[in-house]
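The structure under discussion appears below in the form of structure tokens.
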Amino acid sequence: MNDDKSDDSRDELLFAVKAAEHSLPDGTKSNIGEILAFIKGMAPFLDKETIIQIKCRSCDNYASCFFPVEGDFEVVEPHDYCHAKKQPLHRLSLFTIAKCMDYSGDAQEKLTDLASIMVEEDLRPCLADKKLYDRNFFASYDVDYLIMQEPGSVCIDFGHKGDDDKFVKSGIKLCLLRRLDPGFGDQTSSIKAVQKYGRTIMVVMAGRQIRRQMGVDGILERIAEKRNMDIVYL
């Protein structure tokens with residue numbers, strides 16, 4: 001981040017705290033003053049990007065892309081965006097972001113729980129007899145899974161544990177979405193075409209050859225029907 005902009009955002013926070021200190025009425029409880037003193041002490045170390053990293057990126061309202069026109073998924077700019085305020089974050093002040101009370105992690109937690117249930121109840125039993133061939137190691141491995149959280153989605157990577165116990169991805173990735181953000185670029189329209197309002201969508205990111213080799217299409221279709229999800233292949 002540009003140093004001048006960082007200094008501006010820190011000054012903005014300091015100014016707000018000092019204004020609050022001067023406006024405190026007589027008889028205000030001492031702990032209010034302590035809280036303001038704490039914020040004043042932290043202000044020199046905080047800028048907008050820090051607040052976004054700490055707060056916004058784990059919020060259900062956060063999107064990593066900016067919608068230039070509401071509902072227009074064709075033109076996307078790489079700016080952070082807040083669905084609750086319907087504004088790109090670069091247009092909001094640090095103080096506006098810091099005091100925002102719209103935070104919620106419920107949808108992300110539900111997606112993570114759904115991904116875990118899918119792995120344990122659906123994928124592991126259905127693919128228990130399947131093997132993944134890794135050309136780098138000239139060997140076949142039992143299928144393992146890695147669940148990763150991303151803003152607005154949770155992804156399941158298929159793979160296996162390598163000799164150094166690190167997870168090795170295989171090229172099959174499932175992303176579970178509850179709200180469509182245009183982070184998939186040109187492929188966003190394909191997702192939008194199948195998604196029904198309020199339903200989770202399973203985005204399957206894998207080539208036809210490896211899907212056919214593993215025989216996963218039928219399995220994923222049954223999972224989508226069982227879990228009341230829409231499904232799209234990219």
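For this structure, a couple of remarks:
- Nearest 10 degrees, 0 to 90: helix 30-42 Cα axis against the chain principal axis: 60
- Rounded to the nearest whole Hz, the Karplus-based 3J(HN,Hα) values (6.51 cos²θ - 1.76 cosθ + 1.60, θ = phi - 60°) of the stretch 111-126 follow the sequence 5, 5, 4, 4, 4, 5, 5, 4, 5, 7, 9, 10, 6, 4, x, 6, with x at glycine and proline.
- Within a Gaussian network of the chain (alpha carbon springs, distance under 10 Å), most fluctuating of 163, 217, 186: 163
- Checking (1) 31, 19, 17; (2) 44, 20, 17; (3) 51, 18, 13 against semi-axes √(5λ) of the Cα gyration tensor in Å calculated from these atoms, the matching label is (2).
- Size descriptors for the stretch 116-234: radius of gyration and Dmax over Cα atoms are 14.5, 45 Å.
- Total charge dipole magnitude, the chain, about the Cα centre, Cβ charges on Lys, Arg, Asp, Glu only, Debye to nearest 20: 660
- Rounded to the nearest angstrom and listed largest first, the equivalent-ellipsoid semi-axes of the stretch 44-113 from its Cα gyration tensor are 19, 18, 10.
- When shorter helices are ignored and each DSSP H run of at least 4 residues is given -39500 (n - 2.57), the per-residue value for the chain at 222 nm works out to -10000 deg cm²/dmol.
- Once Rg and the Kirkwood radius are both taken over the C-alpha atoms of the stretch 143-187, their ratio Rg/Rh works out to 1.07.
Values quoted throughout were computed directly from the atomic coordinates according to the rules given, and no laboratory measurement underlies them. These figures come from a predicted structure and were not determined experimentally. Here the Cβ is made from the backbone with ideal geometry for all residues, glycine too, and neighbour counts use every protein chain on show.
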